[in-house]
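Undergrad: Provided herewith is a single structure, encoded as structure tokens, for subsequent inquiry.
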Amino acid sequence: MSLNFIKKCMLIAFTSPFLITSYCQAQEVLTYQKPPEAMTQMIENTVQKSVIFSAHAKFMAVLMQPGYPSIAEVAQPYVSLAGLRVNPRNFGNSRSSYFANLSIRNLASKEDFELQNLPKEAKIKDVQFSPDENYISFSLSFKNEIQLWVGDLAAKSAHRLDSVVLNDTYGRLYQWSSDSKSLLVKCVSEDKVLPEKSEIPTGPIVQQNMGKSTPNRTYQDLLKNPTDEAFFDYYLTSQLKMVFLDGQNVKYSRPAIYKDFDFSPDGAYVMTKIIHKPYSYLVPVGDFPYQVSIFDRYGKSVEKLADVPSADHLPQGFDAVVTGPRAYGWRADQPHTFYWVEAQDEGNPNKRIAIRDIIYTRQVGGESGLKKKLADCYLRFDHIDWGDDQIALVTERWWKNRAERRVFIKPGNSSYRVNLWDRYYEDAYNDPGEFVTVKNQYHKDVLLLDYNSIRRITDPNNMWIFSIAKGASPQGDRPFILKFNVKTKLTDTLFRSHAPFYEYPVYFDHKSDLIISRESVIEPANYFVYNDKKKKEQQLTFFKNPYPQLFGVNKQQIKYQRKDHLHLSANLYLPKDYNSTKGRLPVLMWAYPKEFKTSAAAGEVKGSPYRFINVSWASPIFWVTQGYAVLDNVDMPIVGESNEQPNDTFIKQLTENAEAAIDKITKMGIADPDRIAIGGHSYGAFMTANLLAHTKLFAAGIARSGAYNRTLTPFGFQSEERTYWDNPQLYYKMSPFSYANQITTPLLLIHGLADDNSGTFPMQSERFYNALKGFGATTRLVFLPSEAHSYRAKESILDMLWEMNQWLDKYVKNK
């Protein structure tokens, strides 16, 4: 069966108790279609703007991302290598997003300007301010190469840095030196010869396992043979170069596949992480083995620190890690001290042991055997925020019970440890947020600290730290800045978002004025300088609402309960000028299930009623322009407390969630209970198919890019750790494919033919469609050529909206 045939194939089924006759009519290949005008305009006029600030908020850069690319651009050839998709022409990522315009504001003088000499139709990416805030750097992508450019903020002009050609296939692209005089850049390696790809095999492809249990999930675009390995070497091997602002450049280190490279805080050394063979055919490049080494500023090898093994032989469980040293990095508050982590349980979360990880540190040049123990981790190490010799904050987590600890340690005293927060990380109401950092003398991020110098001398523990949190609450998200004393644990809220706005702090140093983003239901996020003491503010940006089609739409956050009294919420959108006198509406419900280990966390209100109605390609909000009530972000929690696992009662909880939402909007007098559709993308598509297989609640369903047969993902999926062989009944019961004979509600399936997401192979939709067709279901399968898990091309998105609109109008609105 051809793909064109599948794409536009509609089943007409006639059934009797003894006979199923199906007729599948092939059509001529259709051109891409367009949905109603309001939807089309919202897609064609899409322009996204974002903002970044220099280290001390001296400058602000405003970046404009153009609309969706054309199918001609998205359909350009790429090479699939170890989970990557490489543009073979310019050594870039085939699915990169770009900015089309870059403008600068001097926040002191309030002067706005654009950089001179930028090429027309520039594709801007990888934007960074220099540490001294005198320059801004970025890459420009062209058809056959990627260039490095630098803008002089005083001269207000930009120029290309020498003639270096960048390799942006994987990992960090470049990094500024701490003195802002040079950049360490990853360039295309010279004198490489493109491997020949023969269609004639030279022999069999063999993999073997010598009795060790090594479960791995399903991944896309993996290496498959020695030819793939040769192309992997060709495209990912790069040459590090030190590029100076005066235009000179020198080769640094040898050509290699760089996972990462990072200057020491004082700029005297560089830590490199170099991927090497043997490559794996089971996991993507991020899990390949790599060597950690230290080089001096001039590229001379100083020492090799470790060889981190491949992660394709991990024990079962999300908390599994590799054995031996891992997670190398620099201590941000010291000139050239590095740290690393070593598992004490052999990386196996199933082993019972008191201490899971130990963090070590050592100075460059120190004896390799003289490692210094920094701290024990009773859960799995997650990350560390450095302050000074008297404070660092270690975050450790354990996935199995969703536990998180934020621990106060002293780098100068390895025996000191105080738990500041001990919580479930899925509990959003009690999330302290991300710790506020500022740039130190090395231009590295360290904790923002506040303390009375006299008290600090007598009591070095008496200090305050700061955090910025999204502020989840029963009223919705209300972001705040928290001041926290690490000795007394006293707190002070310095800022909190106020209704009817959603305000988020983006720059805070406890010295200058606060910079926030502010949005409302009808106003997109704009940026303000805010002085709380003087109660004054200055607006920095004036971005306009790009969706006039949504003017007058009513947004509200609704709250309700399911049968077991679990609190749920959703965002309801009503058409312009709608009121109850106009009767009940057809409804489109859109959701994505999420697992929880506690009912308390599952029942928390998610999101904010005051956020701007921002419409992405994947949003269901388009249909509020077509006379539908739209219920978006419908809570679909799946809870498994204590020793129970969430998925043990997946179908039951899914059904109760859906029933509660339908009951709420029906009792509100809004929904026509006979005209409600359910839809979702990815795991939301899996949810949709299950609801249609096990209930008769909906008039129609839309499932995009989903997985429907869990036996095709036998080593786990989503948040499920258990394998098919641990619990085959679970995999069977959770697979809507198993119940294709029970689905009689019209179901539209849409899938990108180039889906790159783990587990959601296009084959999932193809086989599910064939099963539905075999049992006489009303169904339609649409494959979008060249589209991955997230759809990008304007033509694809418009056609997707057209397909969905046709389906909804036929089986819901005009039922």
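The values are calculated or read from the model by the stated rules, or taken from the named source; none is laboratory data. Not measured: the values here are computed from a predicted model. Note: ideal-geometry Cβ built from the backbone for every residue, glycine included; neighbour counts use all protein chains shown. For the accessible areas, the whole protein counts, side chains as well, though only heavy atoms, and no ligand, DNA or RNA atoms are used. Shrake-Rupley method; radii C 1.70, N 1.55, O 1.52, S 1.80 Å.
Undergrad: Accessible area of Arg423, 1.4 Å probe, to the nearest 10 Å²?
TA: Counting only protein heavy atoms, Arg423 exposes about 20 Å² to solvent.
Undergrad: Taking the Cα centre of segment 717-802 as the origin and placing charges on Cβ (Lys, Arg +1; Asp, Glu -1), which of Val782, Thr723, Tyr739 is farthest toward the positive end of the dipole?
TA: Tyr739
Undergrad: Can you tell which of Ala155, Val47, Ala499 lies farthest toward the positive end of the dipole of the chain, using +1 and -1 charges on the Cβ of basic and acidic side chains (Lys, Arg; Asp, Glu)?
TA: Ala499
Undergrad: Still on this structure: If the limit is 26 Å between Cα atoms, which of Lys49/Lys597; Lys555/Lys664; Lys58/Lys794; Lys110/Lys794 go over it?
TA: Checking Cα-Cα distances, Lys49/Lys597; Lys58/Lys794; Lys110/Lys794 exceed 26 Å.
Undergrad: Measuring from the lowest to the highest alpha carbon on each principal axis, how far does segment 468-529 reach, largest first, in angstroms?
TA: Largest first, segment 468-529 extends 43, 31, 12 Å along its Cα principal axes.
Undergrad: Same structure, new question: Put one equal scatterer on each alpha carbon of segment 250-353, apply the Debye formula with no solvent term, and list log10 I(q)/I(0) at q = 0.11 1/Å to two decimals.
TA: With no solvent term, the Cα-only Debye profile gives -0.39.
Undergrad: No solvent, one uniform scatterer per C-alpha: report log10 I(q)/I(0) for segment 654-728 via the Debye equation at q = 0.22 1/Å, two decimals.
TA: Log10 of I(q)/I(0), two decimals: -0.98.
Undergrad: Also: Taking R0 as 51 Å, what FRET efficiency do you get between Ser213 and Ser580 from their Cβ-Cβ distance, rounded to the nearest 0.05?
TA: 0.25
Undergrad: May I pose another question? Once amide H atoms are placed 1.01 Å from N in the peptide plane, what residues at a sequence separation of 5 or more from Arg331, or on another chain, have their amide H within under 5 Å of its amide H?
TA: Hits under the 5 Å cutoff: Thr337, Phe338, Tyr339.
Undergrad: What whole-number value in cubic angstrom gives the convex hull volume per residue for the C-alpha atoms of segment 291-343?
TA: 95 Å³
Undergrad: Further question: Would you mind computing, in nm to one decimal, how far apart the modelled labels at Arg352 and Lys372 are, each placed 7 Å from Cα along Cα→Cβ?
TA: In this crude label model, Arg352 to Lys372 measures out at 3.7 nm.
Undergrad: Next up: What relative contact order, as a whole-number percentage, does segment 666-762 give when Cα pairs under 8 Å and 6 or more residues apart are counted?
TA: Once normalised by length, the contact order is 29 percent.
Undergrad: Could I ask something else about it? For Leu107, what is the net charge nearby, where nearby means another residue's Cβ is under 10 Å from its Cβ and Lys, Arg count +1, Asp, Glu -1?
TA: Net local charge, Leu107 excluded: +1.
Undergrad: In addition: Please report the relative contact order for the chain, taking Cα pairs under 8 Å with a sequence separation of at least 6, and give it as a percent rounded to a whole number. Don't skip to the end; give the middle numbers.
TA: On the way: 1881 pairs, mean separation 78.1, N = 815.
That works out to 10 percent.
Undergrad: If you bin the C-alpha pair distances of the chain every 20 Å from 0, what whole percents do you get?
TA: 13, 45, 37, 5, 0
Undergrad: Excluding Ser415 itself, calculate the net charge of residues whose Cβ lies under 12 Å from the Cβ of Ser415, where each Lys or Arg counts +1 and each Asp or Glu counts -1.
TA: +2
Undergrad: Averaging sequence separations of C-alpha pairs under 8 Å and six or more residues apart, then dividing by the length of segment 323-462, give the relative contact order as a whole percent. Mind dumping the intermediate values first?
TA: Details: 270 pairs, mean separation 22.3, N = 140.
The value is 16 percent.
Undergrad: For segment 25-135, what number results from the quotient of the Cα radius of gyration and 2.2 N^0.38 Å?
TA: On the way: Rg = 19.1 Å, N = 111, 2.2 N^0.38 = 13.2 Å.
Cα Rg divided by the expected 2.2 N^0.38 Å: 1.45.
Undergrad: For segment 704-793, how big is Rg over Rh, using alpha carbon atoms and the Kirkwood form of Rh?
TA: Values: Rg = 13.6 Å, Rh = 13.7 Å.
We get a ratio of 0.99 for segment 704-793.
Undergrad: Let me ask another. For segment 567-674, with the dipole built from +1 on Lys and Arg beta-carbon atoms and -1 on Asp and Glu ones, taken about the Cα centre, which of Gly607, Pro620, Ser580 lies farthest toward the positive end?
TA: Ser580
Undergrad: Give the Cα extents of segment 150-262 along the principal axes, in whole Å, largest first.
TA: Sorted from largest, the Cα extents of segment 150-262 read 61, 33, 24 Å.
Undergrad: How much accessible surface area, in Å² rounded to 10, belongs to the heavy atoms of His510 with a 1.4 Å probe?
TA: Surface accessible to solvent at His510 totals approximately 80 Å².
Undergrad: Rank these residues by their accessible area, most exposed first, probe 1.4 Å: Tyr451, Tyr769.
TA: Final ranking, largest accessible area leading: Tyr451, Tyr769.
Undergrad: Take the solvent-accessible surface of the protein heavy atoms, probe 1.4 Å, and return the percent of it on the chain that carbon and sulfur atoms account for.
TA: The computed percentage sits at 49.
Undergrad: Further question on the same structure: Output the Cα-based Rg and Dmax of segment 659-815 in Å, rounding Rg to one decimal and Dmax to a whole number.
TA: 15.8, 47
Undergrad: Then there is this: Would you kindly state how much longer the chain becomes between Asn225 and Gln539 on full extension, computed as 0.36 nm times their sequence separation minus their alpha carbon distance, in nm to one decimal?
TA: In short, 107.4 nm is gained.
Undergrad: Taking only the alpha-carbon positions of segment 588-688 and ignoring solvent, what does the Debye formula give for the base-10 log of I(q)/I(0) at q = 0.13 Å⁻¹?
TA: The Cα Debye sum returns log10 ratios of -0.51.
Undergrad: Moving to a separate point now. Over 14 Å apart: what share of the alpha carbon pairs of segment 143-213 falls there, rounded to a whole percent?
TA: Every Cα pair in segment 143-213 considered, those over 14 Å come to 76 percent.
Undergrad: Accessible area, 1.4 Å probe, largest first: how do Thr218, Thr31, Thr395 sort?
TA: Numbers: Thr218 35, Thr31 105, Thr395 0 Å².
Accessible-area ranking of Thr218, Thr31, Thr395, largest first: Thr31, Thr218, Thr395.
Undergrad: Still on this structure, please answer the following. Nearest 0.05, what FRET efficiency do Gln806 and Asn633 give at R0 = 30 Å with Cβ-Cβ as r?
TA: That pair, Gln806 with Asn633, gives E of 0.75.
Undergrad: Treating only the Cβ of Lys, Arg, Asp and Glu as charged (+1, +1, -1, -1), what charge dipole size does segment 98-232 show about its Cα centre? Round to the nearest 20 debye. Provide the component values of the computation, followed by the final result.
TA: Values: 16 positive and 19 negative charges, 75 e Å.
About 360 debye.
Undergrad: Would you mind working out the magnitude of the charge dipole of the chain relative to its Cα centre, with +1 at each Lys and Arg C-beta and -1 at each Asp and Glu C-beta, to the nearest 20 Debye?
TA: The calculation lands at about 1020 debye.
Undergrad: Kindly give Rg over Rh for segment 509-606, based on alpha-carbon atoms, with the Kirkwood expression for the hydrodynamic radius.
TA: 1.10
Undergrad: Once the piece of chain linking Thr491 and Arg89 is laid out straight, how much longer is it, given 0.36 nm per residue of separation minus the C-alpha distance between them?
TA: Once the chain is fully extended between Thr491 and Arg89, it gains 139.3 nm.
Undergrad: Kindly report the accessible area of the chain per residue (heavy atoms of protein chains, probe 1.4 Å, no ligands, DNA or RNA), in Å².
TA: 43 Å²
Undergrad: FRET efficiency for Ala306 and Gln475, Cβ-Cβ distance as r, R0 = 41 Å, nearest 0.05?
TA: On the way: r = 48 Å, r/R0 = 1.18.
Using R0 = 41 Å, I get an efficiency of 0.25.
Undergrad: Probe 1.4 Å, all protein chains in place: accessible area of Ser580 in Å², nearest 10?
TA: Ser580 has an accessible surface of roughly 90 Å² with all protein chains in place.
Undergrad: I would also like to ask the following. Between Thr711 and Asp564, what length in nm is gained on full extension when 0.36 nm per residue of separation is reduced by their alpha carbon distance?
TA: Full extension of this stretch gives 49.8 nm more.
Undergrad: Taking the Cβ of Lys439 as the center, what net charge do the other residues with Cβ under 13 Å away carry, scoring Lys and Arg +1 and Asp and Glu -1?
TA: Every neighbour counted, the sum reads -2.
Undergrad: Any idea what the dipole of segment 542-621 comes to, in debye rounded to 20, about its Cα centre with Lys/Arg Cβ at +1 and Asp/Glu Cβ at -1?
TA: Values: 12 positive and 4 negative charges, 16 e Å.
Using only the charged Cβ atoms, the result is roughly 80 debye.
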